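Single-structure report; data block below.
The values are calculated or read from the model by the stated rules, or taken from the named source; none is laboratory data. This one's a predicted model, so the numbers in the text were calculated from it and none came from an experiment. Neighbour counts are summed over all protein chains in view; Cβ atoms, including those assigned to glycine, are modelled from backbone coordinates with ideal geometry.
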Ligand code: ZN
């Protein structure tokens, strides 16, 4: 495993629509392992392949229970993720992105989502997420479509200290 460089705006790869993964081979496994290591090193709680300059539909997320700090963070790897359901219920949260250093913004997103995709072996998977976990998944899936939180934010500012849980 190795830590890859996280690309930042205005790198063009962040604005491209990433292509679906078709081969579940060793190259994909290496990409996933490197993304996990890169996310942990950043540190962040989510990372999409375009953020390491690979325009493919792969995301990793590692996040614990927002209400219970005793629960260890859970790692999710998803290939070709798609949002199949998102609640009409929305909430506003403050997001920061590893690829947009120095800025945060308020983004309105669905409170709960259902996402389907494949795991690293190419087997179908489906999950439900709510709250911050849902937000992280939506942020990462946006990256696969070349969308950054700054496109969606209703307000953007420079925080005095970098926020935790960047994605
Ligand atoms: Zn991001």
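Would you say residue 37 is farther than 25 Å from residue 151 by Cβ, more than 13 Å from the ligand (Cβ to nearest atom) and assigned to a loop (DSSP other than H, G, I, E, B)? Criteria not met by residue 37.
Take residue 20 and decide whether it is touching a strand residue (DSSP E or B) at 6+ places or on another chain (Cβ under 7 Å), at pLDDT below 95 and away from the ligand (no atom under 16 Å from the Cβ). It is false that residue 20 is touching a strand residue (DSSP E or B) at 6+ places or on another chain (Cβ under 7 Å), at pLDDT below 95 and away from the ligand (no atom under 16 Å from the Cβ).
Residue by residue, here is whether (1) farther than 20 Å from residue 113 by Cβ; (2) touching a residue at least 60 places away in the same chain (Cβ under 8 Å); (3) under 13 Å from the mean Cα position of the chain (by Cα) holds:
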{"position": "11", "(1), (2), (3)": "yes, yes, no"}
{"position": "31", "(1), (2), (3)": "yes, no, no"}
{"position": "52", "(1), (2), (3)": "yes, no, yes"}
{"position": "77", "(1), (2), (3)": "no, no, yes"}
{"position": "85", "(1), (2), (3)": "no, no, no"}
{"position": "97", "(1), (2), (3)": "no, yes, yes"}
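All told, residue 5 falls short of being surrounded by fewer than 15 Cβ atoms within 10 Å (Cβ to Cβ) and over 19 Å from residue 143 (Cα atoms).
Within the range 15-29, being assigned to a helix (DSSP H, G or I) and within 18 Å of the chain's Cα centre (by Cα) holds for 15, 28, 29.
For the range 46-73, the set of residues classified as modelled with pLDDT of 95 or more and part of a loop (DSSP other than H, G, I, E, B) consists of 53, 54, 55, 57, listed by residue number. Screening 131, 105, 146 for residues that are on the phi > 0 side of the Ramachandran plot and touching a helix residue (DSSP H, G or I) at 6+ places or on another chain (Cβ under 8 Å) leaves exactly one candidate, 146. Give the range 126-167 a look and list any residue that's over 18 Å from residue 106 (Cβ atoms), within 16 Å of the ligand (Cβ to nearest atom) and outside any loop (DSSP other than H, G, I, E, B), or say none. Of everything in the range 126-167, those that are over 18 Å from residue 106 (Cβ atoms), within 16 Å of the ligand (Cβ to nearest atom) and outside any loop (DSSP other than H, G, I, E, B) turn out to be 133, 137, 140, 141, 143, 144. Scanning the range 131-148 for residues that are over 11 Å from the mean Cα position of the chain (by Cα) and surrounded by 15 or more Cβ atoms within 10 Å (Cβ to Cβ) yields 131, 132, 146, 147.
For the range 56-82, a residue qualifies if it is surrounded by fewer than 16 Cβ atoms within 10 Å (Cβ to Cβ) and in contact with a helix residue (DSSP H, G or I) (Cβ under 6 Å, 6 or more places away or on another chain), and exactly one does: 66.
Taking strands (runs of 3 or more DSSP E) that do not extend beyond the range 74-125, which have at least 2 residues that are within 16 Å of the ligand (Cβ to nearest atom) and within 18 Å of residue 60 (Cβ to Cβ)?
74-86, 90-97
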